[in-house]
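Any read-out appearing in this document is the output of simple, stated calculations on the displayed coordinates, not a laboratory observation. Nothing here was measured: the structure is a model prediction, and the numbers come from that model. Counting neighbours? That spans all protein chains shown, and the Cβs are built from the backbone with ideal geometry, glycine included.
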Amino acid sequence: MSSVIVIAGKGGTGKTTVCALITLMLAHRAGARVLAVDADPNSNLSDALGLSAVGTIADIIEEVAKKPDIVPQSMGKDSFIEYKIHNDITENDGFDLLVMGRPEGPGCYCYINNVLRNVMAKLVSDYTFVVIDNEAGMEHFSRKTTRAADNVILVTDESQVGLRSAKRILGLIEELGIVAKKKFLVVNRSSGSLDIIEARREFAVDDVFVVPFDKDVQDLSSKGLDLASLSKSCAAYLAIQDMGDKLWPKN
Ligand SMILES: Nc1ncnc2c1ncn2[C@@H]1O[C@H](COP(=O)(O)OP(=O)(O)O)[C@@H](O)[C@H]1O
Ligand SMILES: [Mg+2]
């Protein structure tokens, strides 16, 4: 059984960092097959993980929409797109990465989105964990390329703006009818100033976790370095590991 973990939250709160740390932590587990999905066009999940992406799903969608002739007749559109997507997955030590990208230009992508949905559903079953760095507006959900999640992790910082956004996204999840089996709040870059007991009470989530402000994370980021080299004993990684042990216990 695979677990789909969606990371959501306002840009700047540390969504990509949390997503990358969860990916690295799960990839470290023996026997786990992990797929990280960069579903935020403004994101840099591949940079955070220290990878250069081969291509994006948006590129494939664009290419097939503009040049239907590139699809070999023997293959059919669906299989061709599926083949291209498999080709685009960057394979790494312990995890794979898929980048959605941003479709450019006009045109109806309904058909291709349908194919994408099917491919995603098949892809998911190949992995133990699928970790998605999602757009703040939950667009992939509204386009229904992802329909259900086992866990939605809302990332916020300690600011009121971050907390309000997390609440708004929770409302959006309701509105869009997204099936999320469990929802969690991660208070990231914490200095300990937020009342966690109050947050537990205020947010309709299954649990609240705290990831402290970590100078190592900030230093790597300001040097333009990825998180793969982050020490496994630093505060942020340990917090993510504790959360992971609780949410996805090793069997
Ligand atoms: N726990 C943390 N401790 C210190 N810095 C952090 C932490 N989490 C994120 N950051 C930093 O905050 C900035 C924004 O993080 P990022 O993950 O890119 O946010 P988002 O994806 O939400 O836009 C980055 O410079 C990142 O290194
Ligand atoms: Mg980001």
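So residue 211 passes all but one of these: (1) without any contact (Cβ under 8 Å) to a residue 60 or more places away in the chain; (2) outside any helix (DSSP H, G or I). Which condition number does it fail?
(1)
For the structure I just gave you, tell me whether residue 148 is within 16 Å of ligand 2 (Cβ to nearest atom) and aliphatic (A, V, I, L, M).
no
Please go through the stretch 174-200 and give me each residue that is touching a residue at least 40 places away in the same chain (Cβ under 8 Å) and aliphatic (A, V, I, L, M), ordered by number.
Within the stretch 174-200, 178, 180, 186 meet the criteria.
Taking the options 168, 200, name whichever one is basic (Lys, Arg), part of a helix (DSSP H, G or I) and within 16 Å of ligand 1 (Cβ to nearest atom).
168
Across the stretch 24-67, which residue is nearest to the chain's Cα centre (by Cα) among those that are assigned to a loop (DSSP other than H, G, I, E, B) and within 14 Å of ligand 1 (Cβ to nearest atom)?
Residue satisfying both the conditions and the ranking: 40.
Scan the stretch 65-78 and give yes if some residue there is loosely packed, with under 15 Cβ neighbours inside 10 Å and small (Gly, Ala, Ser), otherwise no.
yes
Got a number for residues in the stretch 14-37 being of a type outside the set (Gly, Ala, Ser) and within 9 Å of ligand 2 (Cβ to nearest atom)?
4
Being in a loop (DSSP other than H, G, I, E, B) and within 22 Å of residue 119 (Cα to Cα) is the filter; apply it to the stretch 1-13 and report the residue that is farthest from ligand 2 (Cβ to nearest atom).
The selected residue is 1.
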